[in-house]
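Values in this text are rule-based calculations from the coordinates and carry no lab data. Here the structure is a predicted model, which is why all the values come from computation and not from measurement. Using ideal geometry, Cβ is built from the backbone for each residue, glycine included, and neighbour counts are taken over all protein chains shown.
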Amino acid sequence: MDKKVHKCTFNGCTTAFSRPFRLTQHLLTHVNVRAFRCTKCSKTYTTKSHLIRHDNTVHLKIKTDVIYSCPECMQVFANRQNLKRHMQKKHIQGINNYCCEHCKKYFRKINQLRSHMYQHTGIKSFKCNKCFKEFITHYEKRKHMRCHKIYICEECKKQFDKYNDFQKHKKEHDTKEYCCDKCGVSFKERILIVRHLKKHSQSNNRHFPCPHKNCGRTYSRNSNLKQHILTKHEQITHDCHICNTRLCSKAKLNNHLKLHNKPITEVVSVRANTKAAGRKTRKDIGVPRKSIALKLAGFKEQNEIKSAIPYLAETCMT
């Protein structure tokens, strides 16, 4: 048997061939080059044999005297290649074929035979080595093994069970472009480190004073100073057309208008504080209130409370 020494050079492809021309044909599949085109339709193929098989199957009618049928199961095929492939998979027992002892069915792989034996024995052949859970097919076991996979960070050697948590942790190790020379804090965006550097500057404490007379207001940002001048000195405000409320910015006006557009059920009812506003009168008007201190002292009856008042007064005087 010839050794497959001609290996594919594409990343992730482990296919190997015994002859160099087969490797050349295989490389055409990676670059999606199909040189053999059908003259009767728009189909294209990488090899001439595939084109001939397509022509015989699709465009040529099967002659009555040339019928490729399986001698074992009498299944009919369009060409000799399909019949040969059927015989290798279903009926011919070779090196890579595994036969079931109960139903004499052949399989190409041992894992397929082990999965098939569950129909006869009822025993699941694939078991997890960590949690000892059993599975019928090898695919189900491989899918389950993802739950036990551990992702280890290369920088801090921290372990994670979930891939999403591992990706979030990797972002914490990403190099940040802007670094503060005074305290060593890093930032990804330039605007963030500009704001941070203002904390270290000596003139950071409100260095934008109001230029108007008799106004001692100062601000740490020029934008706040401009808003103060427009609102307080130039009387430029954003008024609500519903309740005539005066607001200092358009953003606050938009938030204020949302309160008017809310339905009545969403408006929180405010409790009235005065009788003129509709506050209800107390139900215990005219009824003497009991002292909590006397109750805690053990006096429950009203007569006991009245008799205890002079006694408590004398003790307090002494």
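Projecting the Cα atoms of T44, V58, C13 onto the charge dipole of region 1-63, computed from C-beta unit charges around the Cα centre, puts V58 farthest toward the positive end. In this structure, the amide hydrogen of H6, modeled 1.01 Å from its nitrogen in the peptide plane, lies closer than 5 angstrom to those of F17, counting only residues at least 5 positions away or on a different chain. Multiplying the residue separation of K48 and R142 by 0.36 nm and subtracting their alpha-carbon distance yields 30.0 nm. Net charge dipole, region 208-260: roughly 140 debye, given to the nearest 20, about the Cα centre with Cβ charges of +1 for Lys and Arg and -1 for Asp and Glu.
In this structure, the amide hydrogen of L247, modeled 1.01 Å from its nitrogen in the peptide plane, lies closer than 5 angstrom to those of H238, D239, C240, counting only residues at least 5 positions away or on a different chain. On full extension, the segment bounded by K109 and T9 gains 33.3 nm, given 0.36 nm per residue less the C-alpha separation. Working from label points 7 Å from Cα in the Cα-to-Cβ sense, the C183 to C131 distance is 4.5 nm.
Note that region 16-25 has calculated 3J(HN,Hα) couplings of 9, 9, 8, 10, x, 5, 6, 5, 5, 5 Hz, one per residue in order, obtained from phi through the Karplus relation 6.51 cos²θ - 1.76 cosθ + 1.60 (θ = phi - 60°); glycine and proline are x. For F36, the residues whose modelled amide H falls within less than 5 Å of its own, excluding neighbours fewer than 5 places apart on the same chain, are Y45. Distance between the modelled labels on S220 and E101, one decimal in nanometres: 8.2 nm (7 Å Cα→Cβ projection).
Using equal-weight Cα scatterers in the Debye expression, the normalised intensity of region 208-260 in log10 at q = 0.15 Å⁻¹ is -0.48. What the phi angles of region 244-255 give under the Karplus curve with 6.51, -1.76 and 1.60, with θ = phi - 60°, is a coupling list of 6, 6, 9, 10, 8, 9, 5, 5, 5, 5, 5, 5 Hz, glycine and proline written as x.
Coupling constants for region 181-195 follow from the phi torsions by the Karplus curve (6.51 cos²θ - 1.76 cosθ + 1.60, θ = phi - 60°), and in residue order they are 6, 8, 10, x, 6, 10, 9, 8, 10, 5, 5, 6, 6, 5, 5 Hz; glycine and proline get x.
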